[in-house]
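Structure first, commentary second.
The values are calculated or read from the model by the stated rules, or taken from the named source; none is laboratory data. Since this is a predicted model, take the numbers as computed values, not measurements. When we count neighbours, we look across all protein chains shown, and the Cβ atoms used for this are built from the backbone with ideal geometry, even at glycine.
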Amino acid sequence: MHKVVYQSPNGLTTDNIGINKLKEYILDQFPEYWYQGNGGASLDFYDGEINNKSLLILPNEEYGIYLKYLVLENGKVKETWLSLEDRLNLNETVECSEEWYASIGLFLPKEKAWLAIKEFYLSGERTNRIEWLDSNEIPEDGNY
């Protein structure tokens, strides 16, 4: 059995937050909900007692939602995958959380981001419904 731990922008954690509540935060309360706390959120996927995958959710009112998918091994990041919307717009960055800057090309429209968030919530996996970029492919002028 798996569980998903949600950490909200204000730092509160909820075990197995309902998928409809999560959808409401992403689609219906964007961007207002994200103005609280540091502005970002995360989902940690537990397979039994082990947290082996995390999804960071980082919004920007103008550009949408950037997702960062982490595969963990022994508590350390083994792989980092980034949502990708526009490969040609990776050199310019914008703030997406309190003092956290990311390449504009990584931001997805909120409806598209929701598809990836929902898949992660249900399975802990990266969806194939969006494009992902290995973090090593970010250009020198970009950031994640």
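Taking the stretch 110-139 on its own, how many of its residues are over 17 Å from Tyr46 (Cα atoms) and small (Gly, Ala, Ser)? Steps first, please.
Taking the stretch 110-139 as the starting set, the residues that turn out to be over 17 Å from Tyr46 (Cα atoms) are 110-116, 127-139.
After this cut, where a residue has to be small (Gly, Ala, Ser) as well, the list is 113, 116, 135.
Going through the stretch 110-139 one residue at a time, the tally reaches 3.
The rows are residues; the columns are (1) assigned to a strand (DSSP E or B); (2) free of Cβ contacts under 8 Å to residues at least 40 places away in the same chain; (3) in contact with a Pro (Cβ under 9 Å, 6 or more places away or on another chain); (4) among the basic types (Lys, Arg).
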position: Tyr33; (1), (2), (3), (4): no, yes, yes, no
position: Leu56; (1), (2), (3), (4): yes, yes, no, no
position: Leu72; (1), (2), (3), (4): yes, yes, no, no
position: Val77; (1), (2), (3), (4): yes, yes, no, no
position: Glu111; (1), (2), (3), (4): no, no, no, no
position: Gly142; (1), (2), (3), (4): no, no, no, no
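Test each condition in (1) among the basic types (Lys, Arg); (2) under 22 Å from Gly142 (Cβ atoms); (3) surrounded by fewer than 17 Cβ atoms within 10 Å (Cβ to Cβ) for Lys76 and report the one that comes out false.
Looking at each condition in turn, Lys76 falls short on (2).
Of the conditions (1) in contact with an Asp or Glu (Cβ under 7 Å, 6 or more places away or on another chain); (2) buried (at least 20 other Cβ atoms within 10 Å of the Cβ), Ala102 clears all except one; give me its number.
The number of the failed condition is (1).
Just checking, does the stretch 24-45 include any residue being more than 24 Å from Tyr144 (Cα to Cα), surrounded by fewer than 17 Cβ atoms within 10 Å (Cβ to Cβ), among the charged types (D, E, K, R) and at pLDDT 95 or above?
Within the stretch 24-45, one or more residues are more than 24 Å from Tyr144 (Cα to Cα), surrounded by fewer than 17 Cβ atoms within 10 Å (Cβ to Cβ), among the charged types (D, E, K, R) and at pLDDT 95 or above.
Residue check: is Lys23 farther than 19 Å from Trp100 by Cα and under 16 Å from the mean Cα position of the chain (by Cα)? Working first, answer last.
Numbers: farther than 19 Å from Trp100 by Cα: yes; under 16 Å from the mean Cα position of the chain (by Cα): yes.
Against the criterion (farther than 19 Å from Trp100 by Cα and under 16 Å from the mean Cα position of the chain (by Cα)), Lys23 qualifies.
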